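Accompanying notes for the structure given below.
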Amino acid sequence: MANYHFNFAIVWRYAGKLFDGLLLSLELAAASIAIGMAIGLVLALISLDGPKWARPLIAAYVEFVRNVPLLLLVYLVFYGIPSAIDLQYDAVTSFVATLSIYSGAYLVEVMRAGLEAVPRGLIEAGKAIGLTPMKVLWHVRLPTAMRIALPSLSNTYVSLFKDTSIASAIAVPELAYGMRWIETQTFRTVEVYLLATPIYLITSYAILLLLRLAERRYRIAR
Amino acid sequence: MATLIQTLPFLVDGLLTTLLVSACVIVLSLIVGLPLGCVLAFGPLWARAPIRLYADFVRGVPILVLLYFVYYGLPAIKVNLPSLLAAIVALTAFKSAQIIEITRGSFQSIPAGQTEAAKAIGLTLFDRFTHVLAPQAVRRFLPPFVNSVVDTVKGSSLVSLLGIVDLMLSLQQVIGRTHVALPLYLIGALMYFAINFPLSALSRRLEKRFV
C-alpha cells in the first residue's frame, strides 16, 4: 500500500465513460423495472382472479427464473436463442428483455402479496357503491396494493439496479463495463475502484432514499 | 444427442466447482456473519457502528464489482490471490453482510416481553440467550437463510467471469467447442434449477411452519 502512487489525472480523463455507464445502467434498470412491473402485475392478477389452469403455468415461470442464475439467463437470451431461431437483436435489447423477465418473476410475488393484503371490506365497499369490477381494480385494489407493496418493491428495485452490472458480461457499456474498460486502458486499478464503487453506492442509496420518501408520503394511515 | 452425453462429464466437473465455491462461501459467511449479527443485535454502539457501516457498504455495491475489486483491484496493493480464493473471499464478503442482517433481524423480531419474562424468573444473561432467545431466533433465521443459500448458488455463477471453470464457464466452454448453444444452456439451467428448487421449496415450508 505504502508504495502505491495514486494518479487520478489519467482516470479523470475517462470519467465520462463512467458517467455514460451510470446513465445506461439507470436506463437499463428503469426499462426492465417498467416492463417487469407490467409482467408482474398482469400475472399476479391472473393468478388471483384468472382461470385455475393458469396458476401452475405462472408458478412454473416464477420458479424457473428465480432458481437459475441471472448470468445464465443473460447468455441464454443473448447467445442461445439467436443460435436456434432466426432472430436478431443487439446486446442492450437482449439484456433489457432478460432483466424484465427476471424482475417479472420477483415482482409477481410482491404484487400478489400486495393485492392479497387489500382488505375485503374495501373491495366490498367499492362494489356496494356500484363500481364495475374494472373500476374496483383501478380505484380501490391497485392503489391500496401498491401502497402495501411499496417497501418490498423498493428493495427489489435497488437489487435490480445492482443486477444491471451483469450486462457487462455481454459487453453492454454500462457502469461496470466502463469501470473494467478504463482499468484495462490505464492500469490505474485502485483509482478506478475508488471512483466507481462510490458511484454504485451513492446511486443505490439515493434510489432507496427516494423510494423511502415515497413510502412515507403514501403510507396508509392507521 | 451423443455429443450432449459426451459433454456431461465436463458439466459435472463444473457443477462440483459451483457446489464447492457455494459451500465454502456459506460456511465462511456463517462463521463471520453469525457473531457479527449478534453484536449488531445486542452490542454497544461502538461495536455496532463499524458492522453497520460494513453491511451497508457491501449491500450497496453489486457482487460483480466486489469480485472484480478483490481479483483485479487488490493485486495493485500487493495482495495477490489466486482466482478461486479471490472469488471465495469476495462472495463471502457479500454473503456475510446478508447473514449479519438476517441474524440481527431474527433476534430483533423477538418481542421484548420474552427477555423481560426471562429476567423476571431470574435467568442469567447466558441462560436467557441459550434457552429463550436463541431457540426462537433460529426459527426466524432459517427461512431467509435457506433463501440466501439459493442466492449464493446463483451468485457463484459470476466466478466464471474470473475464469474459474464452474458450471457456468464449463457450459460456455462446451458450447464453444460444440456450437450447440440453446440445448446446453437449457441443460445448465436445469442443473442449477435441480439444486435450487428443493432449497426454495424448503425455505417456503420452513416459513409456513415457523413464522
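Read-outs: derived from the displayed coordinates by stated rules, not from any lab. As the structure is a prediction and not an experimental result, all values here were calculated from the model. Note that we place each Cβ from the backbone using ideal geometry, even for glycine, and neighbour counts take in every protein chain shown.
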Residue B:97 being within 26 Å of residue A:25 (Cβ to Cβ) and in contact with a Phe, Trp or Tyr (Cβ under 9 Å, 6 or more places away or on another chain): yes
Number of positions in region B:164-178 that are within 8 Å of another protein chain (Cβ to nearest Cβ) and either small (Gly, Ala, Ser) or more than 15 Å from residue B:154 (Cβ to Cβ) (or both): 2
Condition met for residue B:188 (within 11 Å of another protein chain (Cβ to nearest Cβ) and of a type in the set (Gly, Ala, Ser)): yes
The lone exception for residue A:65 - which of (1) over 27 Å from residue A:170 (Cβ atoms); (2) within 14 Å of chain B (Cβ to nearest Cβ); (3) surrounded by 14 or more Cβ atoms within 10 Å (Cβ to Cβ) it fails: (1)
Test: residue in region B:111-123 that is under 22 Å from residue B:208 (Cβ atoms), free of Cβ contacts under 8 Å to residues at least 40 places away in the same chain and buried (at least 19 other Cβ atoms within 10 Å of the Cβ): no
Single residue of B:94, B:69 found to be within 13 Å of chain A (Cβ to nearest Cβ) and under 17 Å from the mean Cα position of the chain (by Cα): B:94
Selected residue (criterion: farthest from residue B:8 (Cα to Cα)) from residues of region B:191-208 that are at the interface with another protein chain (Cβ under 9 Å from one of its Cβ atoms) and polar (S, T, N, Q): B:200
Given (1) in contact with a Gly (Cβ under 9 Å, 6 or more places away or on another chain); (2) closer than 17 Å to residue A:161 by Cα, index of the condition residue A:111 fails: (2)
Pair list, Cβ under 9 Å, 6 or more apart: region B:157-173 residue touching a residue at least 60 places away in the same chain (Cβ under 8 Å), other residue surrounded by fewer than 24 Cβ atoms within 10 Å (Cβ to Cβ) and not in a helix (DSSP H, G or I): B:169/B:163; B:173/B:165
Evaluation of residue A:82 against (1) touching a helix residue (DSSP H, G or I) at 6+ places or on another chain (Cβ under 9 Å); (2) away from chain B (no Cβ under 14 Å); (3) without any contact (Cβ under 8 Å) to a residue 24 or more places away in the chain (one fails), failing number: (2)
Single residue of region B:7-44 satisfying the filter (under 30 Å from residue B:174 (Cα atoms) and polar (S, T, N, Q)) that is surrounded by the most Cβ atoms within 10 Å (Cβ to Cβ): B:18
The one condition in (1) without any contact (Cβ under 8 Å) to a residue 60 or more places away in the chain; (2) surrounded by 21 or more Cβ atoms within 10 Å (Cβ to Cβ) that residue B:54 fails to fulfil: (2)
All helices (runs of 4 or more DSSP H) inside region A:107-222 with 2 or more residues being crowded, with 22+ Cβ neighbours inside 10 Å and more than 10 Å from chain B (Cβ to nearest Cβ): A:142-163, A:175-186
